[in-house]
Amino acid sequence: MSERGALRTRLDLLAREVAKFGVVGAVGLLVNILVFNLLRHTTDLQVVRASVLATFVAILCNYVGFRYWTYRDRDKSGRTRELTLFLLFSAAGAVIENGVLYLATYGFDWNTPVQSNVFKILGIGIATLFRFWSYRSWVFKTLPERALPAEEAALPAERFLEQRRPSETVEPDPVRN
């Protein structure tokens, strides 16, 4: 495969991964916003506490989507390690997400329902960039490339030998024979 073909294949795979990540993320976003607004309007929880609870409900929903759909072809051998790293990076994303809301609510006193939702979504957007990078780099790692079978490994060398012109043929060294 040419370099251009290999690059195109890698970009196609990345585009599919980003699309699947986005679909799972969109479902997680809906869960997050619905739970946040439900808690905010039906309980006496403070805004950021309601947001933290909603974030963790969405994180659990997202793990199922990422593990069994987006990254189902990735290494599954270390589930304990995977889940630990997922929760660690998700918690860091939750700090980013809820930090934005906290700053808006308590730093600038932007606390209306519309403002809270806007800053909640802004925080989710910033945290999503961090989560995408960390999940694909550390949590759902790619399986190592498998070694080429002997026949596939020999093909480039055979093609090279077939393309050599007769004038390029090297005469055997009589001293070595």
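Could you count how many residues in the stretch 120-149 are at pLDDT 85 or above and open to solvent by 90 Å² or more (accessible area, probe 1.4 Å)?
Number of matching residues: 3.
Please count how many residues of the stretch 76-126 are outside any helix (DSSP H, G or I), at negative phi and not hydroxyl-bearing (Ser, Thr, Tyr).
5
Determine whether Gly99 is of a type in the set (Gly, Ala, Ser) and over 20 Å from Leu30 (Cβ atoms).
yes
Go through the stretch 46-73 and give me each residue that's of a type in the set (Lys, Arg) and open to solvent by less than 30 Å² (accessible area, probe 1.4 Å).
Matches in the stretch 46-73: Arg67 only.
Give the residue, chosen from Val95, Val24, that is within 13 Å of Arg131 (Cβ to Cβ), within 19 Å of the chain's Cα centre (by Cα), modelled with pLDDT of 95 or more and surrounded by 13 or more Cβ atoms within 10 Å (Cβ to Cβ).
Val95
Mind checking which pairs have a first residue in the stretch 11-40 that is under 20 Å from Gly93 (Cβ atoms) and part of a helix (DSSP H, G or I) and a second that is aromatic (Phe, Trp, Tyr) and open to solvent by 40 Å² or more (accessible area, probe 1.4 Å), Cβ under 6 Å, 6 or more apart or different chains?
Phe21/Phe132
Being surrounded by fewer than 17 Cβ atoms within 10 Å (Cβ to Cβ), at pLDDT below 95 and among the aliphatic types (A, V, I, L, M) narrows it down to one residue among Leu103, Leu155; which is it?
Leu155
The values are calculated or read from the model by the stated rules, or taken from the named source; none is laboratory data. As the structure is a computational prediction, the values presented were derived from the model and not from experiment. Heads up, the Cβs are rebuilt from the backbone with ideal geometry, glycines too, and the neighbour counts pull from every protein chain shown. With ligands, DNA and RNA removed, areas are computed over all heavy atoms of the protein, side chains included. Shrake-Rupley method; radii C 1.70, N 1.55, O 1.52, S 1.80 Å.
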